[in-house]
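Down below is the structure, laid out as structure tokens.
The values are calculated or read from the model by the stated rules, or taken from the named source; none is laboratory data. It should be emphasised that the depicted structure is a prediction, and the values quoted were computed from it without experimental measurement. Counting neighbours? That spans all protein chains shown, and the Cβs are built from the backbone with ideal geometry, glycine included. What goes into the accessible areas is simple: the full protein's heavy atoms, side chains included, and nothing from ligands, DNA or RNA. Shrake-Rupley method; radii C 1.70, N 1.55, O 1.52, S 1.80 Å.
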Amino acid sequence: MDHTHLIVVPAHQVRTGDVVAAFFTDGPGIRHAEHIPEAFTAHPRRFGTCPVRCEECADTSARGVAADRYVCLDPADDHNDCVIVFRNTPVAIVPADTAARFPPLHSTPPLSDLFTLDDGEHGPYEALPVPRAWGPWQPISVTRATADLPATHAGRHLTCHWLHDTLLISSDPRLRIDPGRPGRLIRPDADGRYRIGGLWAWQERATPPCPHCSTATEPVEVEGERVWRCTAPDCTRRTYGTDDPGDDDALPPYTETNPDGTTIVYHGTGEIDIEATAELAAQDGPDQDAQDAE
């Protein structure tokens, strides 16, 4: 699906099976589309019928606005809060009958979340999203590359070894409570992922602030990897969200087209690449020799 399949409707006209792709900024004047990080299939319902009493519903209720002015486009589940918007908010959707011609959204793997150890000293490590009832000692699902935890965890008296496709996490023999059990064997599941838990307390990594203006960021997928984009309307900064600002120098560049049709080339960090943009404009402009002759 792409933008050619989109139509725009008020939120209260969204129907079950429509795929929600973007909301719009507040008016007046031009209202810019703000694409959401992960499109979702709508399951509209009346506001106030949250199945888990999520934080989004609590925050919305605290605003003191009449409940009938809101609509819930997708109820909360084990991973996400309800999607609550004003009834008349413009929403870009792919209609259900059009979306039905494409593979379902859940057929693609979800974007990974980030986890750390030791108050953020180790990591971040990518893992599948965890349910809201998850605790830090419960397992997270990781790929083999992530499961091969670095040797820096030797300070925890734990080391990792591979036995073909099985991971052995073993402890210092002098510290074993049960000498007959040298460690824990973790085998891949049906999807080839490893569920590791109970050995140390995982921590979900908080959304990093924008390095430029400290505004909250949101995740976006760029060339198959997750980066964080500033949510401030006048800031284009992107970041990997690591503690090392130099890491952002490796962010992949990208281009965007303005409403007037001008293509702008950006460095990976979100700064305009003036030279590349000017060169692109010169290539697209009229032929200078023809202008001189005229």
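Would you mind estimating how fast the chain diffuses translationally, via Stokes-Einstein at 4 °C and 1.567 mPa s with the Kirkwood radius over Cα pairs, in µm²/s? It diffuses with D of about 57 µm²/s by this estimate. Principal-axis analysis of the Cα atoms of the chain puts helix 274-284 at an angle of about 50° to the longest axis. For Glu223, the solvent-accessible surface with a 1.4 Å probe is about 150 Å², rounded to the nearest 10. Computed from the Kirkwood radius of its Cα pairs, the Stokes-Einstein diffusion coefficient for segment 55-147 at 37 °C and 0.692 mPa s stands at 195 µm²/s.
Quantify, in whole percent, the carbon and sulfur part of the accessible surface of the chain (1.4 Å probe; protein heavy atoms only). Summing carbon and sulfur atoms, their accessible area is 51 percent of the total for the chain.
Taking all protein chains as they are arranged and a probe of 1.4 Å, the heavy atoms of Asp247 leave approximately 60 Å² accessible to solvent. By a 1.4 Å probe calculation restricted to protein chains, Arg187 has an accessible surface near 150 Å², given to the nearest 10.
Solvent-accessible surface of segment 1-138, taken per residue with a 1.4 Å probe and all protein chains present: 60 Å².
Equivalent-ellipsoid semi-axes for segment 19-70 (Cα gyration tensor, √(5λ), whole Å, largest first): 23, 17, 10. The local environment of Asp249, defined by Cβ-Cβ distances under 14 Å, has a net charge of -3 under the rule Lys, Arg +1 and Asp, Glu -1. Counting only protein heavy atoms and a 1.4 Å probe, segment 184-255 has 58 square angstrom of accessible area per residue. Counting only protein chain heavy atoms and rolling a 1.4 Å probe, the accessible areas of Leu117, Leu105 rank, largest first, as Leu105, Leu117. Heavy-atom accessible area with a 1.4 Å probe sorts Asp59, Asp118, largest first, into Asp59, Asp118.
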